[in-house]
Amino acid sequence: MVKYGMVIDLDRCIACQACTIACNSENNTSVELDYDKVRLGVSWHRVLAVEKGEYPNASVEYIPRPCQHCENAPCVQVCPTAARRKREDGLVLIDYDTCIGCRYCLVACPYGVNVFNAANLKKEEYRNPDAAGNNAGSPPYQGVVEKCTFCVHRIDKAVKEGKKMGNPDGEVTTACNQVCPAGARFFGDLDDPNSTVNKLIAKRSSMRMKEHLGTNPQVYYLK
Amino acid sequence: MVSELAVQTVWDWRIAAETLLGGTAAVVFILATIMSLWKPTEHRIMVKSGIILAAPLAISAVLILMTEIGRPERMFFIFRNLNSMISTGSVFLTAFIVFGLATTALLFMKWEKPMRALMVVNSFIAVGVILYPGFIFGAVNAIPAWGTAVMPVLILITSVLTGIAVITLSTAGAYFVKKGKAGKEAESSLRSALIFTDVSIGVAALQIITVLGYLVILGRGPALAVEAYKLVMGPLAGLFWGGVVAIGLVAPLALLPIAKMSWMKGERALLLVVFASVLILVGAILLRVLILEIGVVDPFFPSEPLKH
């Protein structure tokens, strides 16, 4: 069985945010989000800046953060409507027609990957109304929670067309992986011992976010 | 880019109000049930007011929740995942409201025996209504200030305190309404309104210990919990120490024993208990809101690199 996962090489990442922009465009996230009286752009993907050390030896580490597609996803466990589900291929997805926007997943997710689309926006107020990808951010999917899907629309299409998924092993990959100019991102099958993602995890020193919580994230960071 | 710890702004005061109203309604109902089984004639006013208040309080909790969620028209989906504490809690809350309304109907129809039987059944459901918010917060490991073992206890005790305060206030209200009219009824409602004074003292003392225990846990916890603790020491400190601890717990704890003293009889004692009950309500509401406010989310905080 396929189990999709991502590997991000932090030594290669230059924090250019191309991944974030590609995600915004691919998934047609809203330009503005009217939430808590603050208007912010919605991004399913972010690059976190983490300060390390103390003056005079302080530095900043940049960490791209997509959804971690946890094996034991807290969001799936707490969702009262079962709108969250974990697919057999490892993807954690949301049924936007079932989500009631209670936002329990937002508080339960240790990685802060979820965003609540509270805005009552017109189609043209979204970044890319004609996006090929997931259009959960555009009407009528409002009042619900959104997040990174590992570009599930690309995965499903590739599988349907008999194409292999993965970067660099396959023909199709996620939008964030596709645009990374530093070649810092890899995507593939964590169940395949010969996949590049598995080889990198085996070869290099890696970490996963907040492992002590037992969520078993499917995104690995190389250091 | 995101670089700093963020105070959670996902859930606002409405979640605090919803959980507090539900828990308060449940405690009010349980107390009315206990009184109806123990001394139904003597505490008739208290039993009646408890039954009448419980369902509307719980309904108002649901209505507040509906203003908080993004798609209230899909509320009926909320029962789909019973592994979620929100689903489980919603089952308890819905059942409690249905049985609560049925009890109210039986009260007005004066069918006492079936009413009491229904009250006993609904009291067991009420226990679930009191407990589930604690587990909703307690299950959130992502926010260390919430995901502690003390949280369900803290929520439970707050509900007990507010439940006692509300049933005391409603019975006291009945006394003030009736005191000029029916002498006997007014006298019994006066006695009823004072009956939980000892319990209030004990529960308020227990709450002080629990709150202090909670602070100790926050201070000893991982880095994020320390941040939450800083918030309690920082901008929210005035509301916490002044509102929750001084007004909501210490002041009632000082006032309620005075109401028990021999020279404080009748209406004077009642007025003091009423005042203390109002303070308890203020403190409890503030505590529930502050629990939400101190939640700190760190989107990163990685663990150590894996060794190969």
### Message
Condition (residue is part of a helix (DSSP H, G or I), under 17 Å from B:Ile167 (Cα atoms) and modelled with pLDDT of 95 or more) applied to segment B:95-102: is it met by at least one residue?
### Response
yes
## Note on the structure
A:Phe186 meets each of (1) buried (at least 18 other Cβ atoms within 10 Å of the Cβ); (2) of a type outside the set (Ser, Thr, Tyr); (3) in a loop (DSSP other than H, G, I, E, B) with one exception, condition (3)
### Summary
Selection from segment A:99-114 of residues of a type in the set (Val, Ile, Thr) and either assigned to a loop (DSSP other than H, G, I, E, B) or surrounded by fewer than 24 Cβ atoms within 10 Å (Cβ to Cβ) (or both) yields A:Ile100, A:Val113
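So, B:Arg116, is that one under 28 Å from A:Ala83 (Cα atoms) and at pLDDT below 95 or not?
No; evaluated as a whole, the condition is false for this residue.
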### Message
Can you find a residue that is at pLDDT below 90 and either buried (at least 23 other Cβ atoms within 10 Å of the Cβ) or touching an Asp or Glu at 6+ places or on another chain (Cβ under 6 Å) (or both) anywhere in segment B:47-63?
### Response
no
### Summary
Output for Cβ contacts, cut-off 6 Å, separation at least six or different chains, first residue in contact (Cβ under 8 Å) with a residue 12 or more places away in the chain in segment B:204-218, second assigned to a helix (DSSP H, G or I) and of a type in the set (Ser, Thr, Tyr), reads B:Leu218/B:Tyr229
### Query
For residues in segment A:74-93 being surrounded by 24 or more Cβ atoms within 10 Å (Cβ to Cβ), hydrophobic (A, V, I, L, M, F, W, C) and in contact with a strand residue (DSSP E or B) (Cβ under 7 Å, 6 or more places away or on another chain), which is nearest to A:Pro217 (Cα to Cα)?
A:Val92
### Summary
When B:Phe137 is run through (1) within 14 Å of another protein chain (Cβ to nearest Cβ); (2) over 18 Å from B:Val289 (Cβ atoms); (3) aromatic (Phe, Trp, Tyr); (4) surrounded by 17 or more Cβ atoms within 10 Å (Cβ to Cβ), the failure sits at (2)
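Kindly state which strands (runs of 3 or more DSSP E) lie completely within segment A:38-98 and contain at least 1 residues that are at the interface with another protein chain (Cβ under 9 Å from one of its Cβ atoms) and among the aliphatic types (A, V, I, L, M).
Once the strands (runs of 3 or more DSSP E) in segment A:38-98 are filtered for at least 1 residues that are at the interface with another protein chain (Cβ under 9 Å from one of its Cβ atoms) and among the aliphatic types (A, V, I, L, M), what remains is A:38-40, A:46-52, A:59-65.
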### Query
What do you reckon, is B:Phe108 within 14 Å of chain A (Cβ to nearest Cβ), in a helix (DSSP H, G or I) and surrounded by fewer than 21 Cβ atoms within 10 Å (Cβ to Cβ)?
no
### Message
Looking at segment B:71-88 only, could you name the residues that are surrounded by fewer than 15 Cβ atoms within 10 Å (Cβ to Cβ) and facing chain A (nearest Cβ under 7 Å)?
### Response
B:Asn83
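A quick yes/no check of all residues on (1) of a type in the set (Gly, Ala, Ser); (2) within 16 Å of B:Glu112 (Cα to Cα); (3) away from every other protein chain (no Cβ under 13 Å):
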{"residue": "B:Leu20", "(1), (2), (3)": "no, no, yes"}
{"residue": "B:Gly23", "(1), (2), (3)": "yes, no, yes"}
{"residue": "B:Thr33", "(1), (2), (3)": "no, yes, yes"}
{"residue": "B:Trp38", "(1), (2), (3)": "no, yes, yes"}
{"residue": "B:Glu42", "(1), (2), (3)": "no, yes, yes"}
{"residue": "B:Val62", "(1), (2), (3)": "no, no, no"}
### Query
So which of B:Gly147, B:Gly128 ends up being in a helix (DSSP H, G or I) and not β-branched (Val, Ile, Thr)?
B:Gly128
### Message
Could you go through segment A:173-184 and let me know if any residue there is within 21 Å of A:Asp95 (Cα to Cα), within 14 Å of chain B (Cβ to nearest Cβ) and modelled with pLDDT of 90 or more.
### Response
no
### Message
modelled with pLDDT under 85, more than 12 Å from chain B (Cβ to nearest Cβ), assigned to a loop (DSSP other than H, G, I, E, B) and touching a Ser or Thr at 6+ places or on another chain (Cβ under 6 Å): is that true of A:Asn135 in this structure?
### Response
no
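The values are calculated or read from the model by the stated rules, or taken from the named source; none is laboratory data. Everything quoted here is computed from the prediction, not taken from an experiment. Because the Cβ atoms are built from the backbone with ideal geometry, glycine has one as well, and the counts that use them run over all protein chains shown.
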